[in-house]
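The values are calculated or read from the model by the stated rules, or taken from the named source; none is laboratory data. Just so we're clear, the structure is a prediction, and the values are computed from it rather than from any experiment. Because the Cβ atoms are built from the backbone with ideal geometry, glycine has one as well, and the counts that use them run over all protein chains shown.
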Amino acid sequence: MENIPTAGAFTKYLHRHGDKGEAGIRKINKQYLKRFLKSIKNEELILDIDASFIEAHKSTTKYSYKGEPGYMRRERSEEVLLGCP
């Protein structure tokens, strides 16, 4: 895991190899994910799909699981209020 390529290296690879390159990266990612999930067994996980957190101190904001008030973009065009269960 110490030799994971940077985002820039992935981008260059995808530009060179197109759709076949993307399929290859997905296959590698799936193998690493399976290995990782087998190694943690019963640990609780938080899935942070999009790390674009926007801190805000408005009266309508709720606290994220990270303990900060704000919004998390779920999709490119939509901001969603966060709340803790």
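Mind listing just one residue for me: the one in the stretch 1-17 that is assigned to a helix (DSSP H, G or I) and loosely packed, with under 10 Cβ neighbours inside 10 Å and, of those, nearest to the chain's Cα centre (by Cα)?
Here the answer is ALA7.
How many of the residues making up the stretch 67-85 are modelled with pLDDT under 75 and either part of a helix (DSSP H, G or I) or closer than 28 Å to ALA7 by Cα (or both)?
10
Could you look through the stretch 50-59, keep only residues that are of a type in the set (D, E, K, R) and surrounded by 10 or more Cβ atoms within 10 Å (Cβ to Cβ), and pick out the one that is modelled with the lowest pLDDT?
Per the criteria, the residue is ASP50.
Give the residues of the stretch 25-49 that are surrounded by 11 or more Cβ atoms within 10 Å (Cβ to Cβ) and among the acidic types (Asp, Glu), sorted by residue number.
Listed by number, the list holds a single entry, ASP48.
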